[in-house]
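Below: one structure, written as structure tokens.
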Amino acid sequence: MPDISLTTVVLLCVAALAAGWIDAVVGGGGLLLLPALLLGLPAGTPAAHALGTNKAVAIVGTTGAAVTYARKAPVDVRTAVRIGLAALAGSSGGAFLAAGMSTEVLKPVIMVVLLAVAAFVILRPAFGAAPATGPATRRQILAAIGLAGLGIGFYDGLIGPGTGTFLVLALTALLHLDLVTASATAKIVNCCTNAGALATFAWQGAVLWQLAALMAVFNLAGGMLGARTALKHGSGFVRVVLLTVVFALVANMAYEQWLA
């Protein structure tokens, strides 16, 4: 356990709880959890330790949310795992390239894409409101594996922020899912990508296991609560949270790009 105050530990646990809830509903919990770790850990702690600990915490909440969703939402687990394995491969490729290029050039492009997505969701109130009319076709599944798996997985390895949100949007559009089912499917995909990243960080010795275990309890509670909230209130509620997270993501990236 790093040498941090009890107050900081409590605040990190609260952040883990809130991040688990946000991530379960619509993705994007890392926007809260990772900055909290970067601020809360002692000065001089390698950034890799914050990233590794973040993954160790997040995978617990994501798994809890995925299990909660799978019990009550009509999730095609087989398709979700296939997309998740593609995302794992994509994120590995993105991480490999990330070391040799500046992602600052890409951030303005991502912000424009996010704003376009927000405009689309606002102007199309029916987006993600209706449940799927039948099982996904082979073509739809292949498109989801390519775009939501390899494409967004690659983005996750290269840049990262908002991956869960992008997954929800892509799965809704490609597989014609409602937002609740898309969120449930995205959690299974996230479990695959988080597991791969965590294995890498653990092999490098970059996980603060004692702190991660404590925070993971709160993240798990937040994840399960968030999944139940989404299931209870439906796609309309998820849509509001989705737009909130998208605008928060744009604001965060704009701050890092031009003000930090």
Scaled to the compact-protein estimate 2.2 N^0.38 Å, what is the alpha-carbon radius of gyration of segment 157-260, rounded to two decimal places? 1.22
Contact order normalised by residue count of the chain, Cα under 8 Å, 6+ apart, percent: 40
Please list log₁₀ I(q)/I(0) at q = 0.13, 0.23, 0.32 Å⁻¹ for segment 196-239, using the Debye equation with identical point scatterers on the alpha-carbon positions. -0.47, -0.78, -1.02
Within the accessible area of the chain (1.4 Å probe), percent carbon and sulfur: 70
Can you give me the accessible area per residue for the chain, using a 1.4 Å probe, in Å²? 46
Hey, what angle do you get for helix 30-40 against the long axis of the chain, alpha-carbon based, 0 to 90 degrees rounded to 10? 0
Please compute, for the alpha-carbon atoms of the chain, the extent along each of the three principal axes and give them in descending order in Å. 54, 38, 32
Whole-angstrom gap from segment 30-76 to segment 172-218, using each part's C-alpha centre: 7
Taking Cα atoms, the helix 107-123 axis meets the longest principal axis of the chain at an angle in degrees (rounded to 10) of 40
Taking amide H positions as placed in the peptide plane 1.01 Å from N, state which residues far from LEU208 in sequence (5 or more) or on other chains have amide H under 5 Å from it. THR53
Summing -39500 (n - 2.57) over the DSSP H runs of n ≥ 4 in the chain and dividing by its residue number, what mean residue ellipticity at 222 nm do you reach, to the nearest 500 deg cm²/dmol? -25500 deg cm²/dmol
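The values are calculated or read from the model by the stated rules, or taken from the named source; none is laboratory data. Computed from a predicted structure; not experimentally measured. Surface areas here come from the heavy atoms of the whole protein model, side chains and all, with no ligands, DNA or RNA. Shrake-Rupley method; radii C 1.70, N 1.55, O 1.52, S 1.80 Å.
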